[in-house]
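First up is the structure itself, then whatever we jot down about it.
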Amino acid sequence: MDRFDYIFQNTVNNYRNREIVIYGYSDRNKLVKNELEKRNLNVTFFVDRSKSIRLKKEVCDIEILKDGAEKYFVIVPMIKHDEIVEKLRGFGYTDKDYAYLGNMQYSVLHEDENYFEDTYGNRIIGKIDHGRVIFGGFGSTVEVSDNCFFGNEFKLNIRDNSIFRIGENTKINCKIAIYDNSLFECGEQCVFSSGCIFQLFDAKFISGYGLTMEKGCTIRMNHKSSVVIGNDCMLSYNVAVRTNDGHSIFDIRTQKNINSTDELCAQRNIKIGNHVWIGMDVILLYGTEISDGSIVGARSLVKANIPNNCIAAGAPARVIRKDVAWSRNNSATDIEECNGYIDYTEL
């Protein structure tokens, strides 16, 4: 059973032809509305606390629900929001007057050192000996290969049909949030240091083997976007990677969103080739593509294509030197230590 099945069954059994209302206006709750309407249940409106959200025609103040249990059946499509249920009870609602995902019976079906599965269809395959994994939805999978290390700061929040998959000998000691149909996948021998933050919302992060990320790196990704990183890449301290603007922008004349529709977000990707070194405090924005063997200098701002085997620096970044190769060894004397990524820059 997934969230839609549970909500649908609970609503059909209890709504008694009352008006159906969804508590909270968000993209994922709009999906609940669409799914119910596919099943011939009409949602009348949403309620929300936010004044700005209530400017929308289909959203009302939550106070409209007060003493309205005879008229409204309320859907709360979230798991850990008991305060909402308390609010509804204060308005005179009983268990038969709302469908709350947090009331769905939860149990662990199987748990041992190398496998976990619950009634929400969430699974952990492999061993996680430190940190925390928090499932906040349905149908997600965590896959851990052999000899991985999890530090005490490791915390994974994962929600609804998402996958977290890491290769052998990977070390993670940071916070990762993966929401709604997202994928986080890395190859073998990667290192994610303390203080790093990942936030994926319906997005994909994929890296090859040997990626290292130093303290303070932040990767934030939104709707349909992707970050793809090749093998043997190195991100220095406080690197920021973003596939979105962070907030919506509208054209006042047309009143249309011009920066964060699903169609636009699907085009806002970042691609980093093999053996790329990103310097300290660099910002990588969507539309960036960096080819094999290149270096981005400290405090650069990148939103462009950077060719192979060059140094790019500045804000905005530009190529300042071609035909270079780099080694992780700080005192290398042999160019062969550049891990094979030795080639002339192709401009």
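The values are calculated or read from the model by the stated rules, or taken from the named source; none is laboratory data. The structure presented is a predicted model; accordingly, all values stated were derived computationally and were not measured. Reconstructed Cβ throughout: ideal geometry from the backbone, glycine too, with neighbour counts over all protein chains shown.
Within the range 47-74, the only residue that satisfies the criterion of being among the hydroxyl-bearing types (S, T, Y) and in contact with a strand residue (DSSP E or B) (Cβ under 6 Å, 6 or more places away or on another chain) is Y72. Filtered by the rule that a residue be out of contact with any strand residue (DSSP E or B) (no Cβ under 6 Å at 6 or more places or on another chain) and either assigned to a strand (DSSP E or B) or surrounded by 15 or more Cβ atoms within 10 Å (Cβ to Cβ) (or both), the range 75-109 gives P77, M78, I79, H81, K87, F91, Y93, D97, L101, N103, M104.
Per-residue answers, yes or no, for (1) surrounded by fewer than 20 Cβ atoms within 10 Å (Cβ to Cβ); (2) of a type in the set (A, V, I, L, M, F, W, C); (3) in a strand (DSSP E or B); (4) free of Cβ contacts under 8 Å to residues at least 60 places away in the same chain:
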{"site": "H247", "(1), (2), (3), (4)": "yes, no, no, yes"}
{"site": "R253", "(1), (2), (3), (4)": "yes, no, no, yes"}
{"site": "L264", "(1), (2), (3), (4)": "yes, yes, no, yes"}
{"site": "A298", "(1), (2), (3), (4)": "yes, yes, no, no"}
{"site": "N308", "(1), (2), (3), (4)": "no, no, no, yes"}
{"site": "R318", "(1), (2), (3), (4)": "yes, no, yes, yes"}
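Filtering S225, S207 for residues that are in contact with a helix residue (DSSP H, G or I) (Cβ under 7 Å, 6 or more places away or on another chain) and crowded, with 22+ Cβ neighbours inside 10 Å leaves a single hit, S225.
The C-beta contact set for the range 175-189 (first residue over 12 Å from L211 (Cβ atoms), second residue part of a loop (DSSP other than H, G, I, E, B) and aromatic (F, W, Y), distance under 9 angstrom, 6+ apart or interchain) comprises K175/F154; I176/F154. Looking at F184, F138, F149, just one residue is touching an Asp or Glu at 6+ places or on another chain (Cβ under 9 Å) and crowded, with 17+ Cβ neighbours inside 10 Å, and that residue is F138.
Right, H223: modelled with pLDDT under 95 and out of contact with any strand residue (DSSP E or B) (no Cβ under 6 Å at 6 or more places or on another chain) or not? Here the answer is yes, as H223 does meet what is asked. Do we have any residue at all in the range 312-331 that's among the hydrophobic types (A, V, I, L, M, F, W, C) and closer than 22 Å to Y209 by Cα? Yes, because at least one residue in the range 312-331 is among the hydrophobic types (A, V, I, L, M, F, W, C) and closer than 22 Å to Y209 by Cα. Scanning the range 321-342 for residues that are surrounded by 14 or more Cβ atoms within 10 Å (Cβ to Cβ) and either at positive phi or in contact with a Cys (Cβ under 8 Å, 6 or more places away or on another chain) (or both), we see that the one that is modelled with the lowest pLDDT is N339. Within the range 21-44, residues that are closer than 15 Å to C60 by Cα have Cβ atoms under 9 Å from residues that are of a type in the set (F, W, Y) and modelled with pLDDT under 95 in these pairs: Y23/Y100, counting only partners at least 6 apart in sequence or on another chain. When E63, E35, E70 are checked against the criterion of being modelled with pLDDT of 95 or more, assigned to a helix (DSSP H, G or I) and either under 27 Å from the mean Cα position of the chain (by Cα) or not aliphatic (A, V, I, L, M) (or both), a single residue qualifies: E63. The set of residues from the range 167-193 being small (G, A, S) and within 16 Å of F149 (Cβ to Cβ) comprises G167, G187, S193.
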